[in-house]
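One structure is given below, encoded as structure tokens.
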Amino acid sequence: MLHCKEKFWKIGRYLSILEWDEDKLDMFKNRTILNIPECRKCKLALLCGGGCASYAYDYFGSIYKSGCEEDMEKLFIKILPIIYGKLIKEKKGNKQYINHFFRMTRYIDMKLKLFSTILILIILLSSCINCSPQTIIKEKKKPDVSVKTTQIEIEETERPDISLKFSVPYNENVFTLFCILNLAESYKKEHSSYKFHPTAVKIKNDLNNINSEIVEKIESDPDFKKFDPYSPELRNHIISAMMLSKEKFLNRNILIKEFYEEANIHDLYLKYKDDYEKELEEYRKILPEAIKKTRDYFRLEGPEEKEIIFVLNLLGTFPGCYTNTPNKIYIYNSYIENISMGIIHEYTNTLLLITLFHNEKNSELIQQSYGLMKILQESGVFLGPYNSWTGIVYKSLVHSIVIRILLSNNKEEMQSRIQFLEKSGLILVRHFCEKLKEYEKKDIKFKDFLPEMLSTIDIEKEKEEFIRDNK
């Protein structure tokens, strides 16, 4: 069951009329075990069905990831015989009921993996020959994000060592979203001291001339009163803005559509296209090398298989976010002067998720250092969205890798960055940076070295250093 406290998960409404969000329905219909890479290899896929979509989205940035808990296989093998035993006692007269669960328990044996594979093949074949409507998976053509709001073609690098498909489009959806946010009172207060890009300053001045009635609607709207840099609702709006066509994005929110039309945002978007293009061109030049540098650090073989869509926003102060689909990686960044840092940080996020969370041993090692969470909670440090121990370990790793890639030759700046991050609650950055220095000298892949980084966390040492540095 999905929680609906965030609009991202809502698929329609029933008051005052019954209305469905067709895009959302298609998104969830297409979330099957055949569209989740991990599930295709899992022998429990037909029992589990891919797990919780919300869990997958929260932890991996995409619903097209497995949402299973770590010990799902052990749980099934342990609990089904118990259920069967209880059924025998309680349902002695109902042979059909008992036999159903008997078949379920027999399913989990040495032949399970082969049996699951055969069933998946049957589903695929039936889909191809249209013999079973219930198993047909509707392949919806996804819009090409590179051309939905701009005429920029997908670029493909010619050098084989950096081979990847990518685009850095000027995105009208993202532009519209942050135009409306810059008029929302709560957002303006939150970011009053933020240093904006010169182009953003000019756009903000133009926004001040918009009809006051429209601005009043925005300021009074409850949805736009709660947005801040760590708002999951804002993250979901950004991801939708990157992935959807302009028509579908505007139809998701009545106020955004009304604002777009009445404030002539399309004209404003065209007015600043040349200004944006100058900035975007720099990102197009730097992106291939930044991706290569990151992949080299992880010691990954071969090119990036997914197409990368990188969206820059000069108007916002939301730091950055990303999401994965089976074929694409969407990366969003607000403007920062260090272009490479923005690209490498968000791309590292996507790589580290797979390395860190898709490994049972790593998950167990993370929990061994959970004792450090208590000292963070007692210190009163604001942890933002990373208020779980897994999240803190994950973000500490991301920042440490970015530091080692970009700042390893600048010790003064590196130490300053480490101190800042540790005071922000990312308590393991120093430890990970020290271990990464060892990794750089070894002939080993990052995924194979990661367990050592996690297993050598000294809880007492980290506690002492955190207390000393935060006196």
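Among the residues of the range 321-340, the one identified as assigned to a strand (DSSP E or B) and modelled with pLDDT under 85 is Asn324. Considering the range 380-417, and only residues there that are hydroxyl-bearing (Ser, Thr, Tyr) and surrounded by 14 or more Cβ atoms within 10 Å (Cβ to Cβ), the residue that is modelled with the lowest pLDDT turns out to be Tyr386.
Can you tell which of Lys395, Lys411 is among the charged types (D, E, K, R) and either under 19 Å from Glu346 (Cα atoms) or in the same structural domain as Ser231 (by TED's automatic domain parsing) (or both)? Answer to the selection: Lys395. Being free of Cβ contacts under 8 Å to residues at least 60 places away in the same chain and crowded, with 21+ Cβ neighbours inside 10 Å is a description that does not apply to Ile309. Selection of the range 394-414 for residues being outside any loop (DSSP other than H, G, I, E, B) and touching a Leu at 6+ places or on another chain (Cβ under 9 Å) yields Tyr394, Lys395, Ser396, Leu397, Val398, His399, Ser400, Ile401, Ile403, Arg404, Glu413, Met414.
Hey, any hits in the range 253-263 for a residue that's free of Cβ contacts under 8 Å to residues at least 40 places away in the same chain and under 30 Å from Leu164 (Cβ atoms)? No, because not a single residue in the range 253-263 is free of Cβ contacts under 8 Å to residues at least 40 places away in the same chain and under 30 Å from Leu164 (Cβ atoms). The number of residues in the range 428-441 being among the acidic types (Asp, Glu) and either under 13 Å from Leu397 (Cα atoms) or within 23 Å of the chain's Cα centre (by Cα) (or both) comes to 1. Within the span defined as the range 442-455, one or more residues are over 23 Å from the mean Cα position of the chain (by Cα), buried (at least 20 other Cβ atoms within 10 Å of the Cβ) and in the same structural domain as Ser363 (by TED's automatic domain parsing). Counting only residues that are under 18 Å from Thr390 (Cα atoms) and either in a helix (DSSP H, G or I) or not hydrophobic (A, V, I, L, M, F, W, C) (or both), the range 450-465 holds 11 of them.
Looking at the range 316-329, can you tell me whether even one residue there is over 22 Å from Leu421 (Cβ atoms), hydroxyl-bearing (Ser, Thr, Tyr) and surrounded by 22 or more Cβ atoms within 10 Å (Cβ to Cβ)? Yes, the range 316-329 contains a residue that is over 22 Å from Leu421 (Cβ atoms), hydroxyl-bearing (Ser, Thr, Tyr) and surrounded by 22 or more Cβ atoms within 10 Å (Cβ to Cβ).
The values are calculated or read from the model by the stated rules, or taken from the named source; none is laboratory data. Not measured: the values here are computed from a predicted model. All Cβ positions, even for glycine, are placed from backbone atoms using ideal geometry, and neighbour counts span all protein chains on display.
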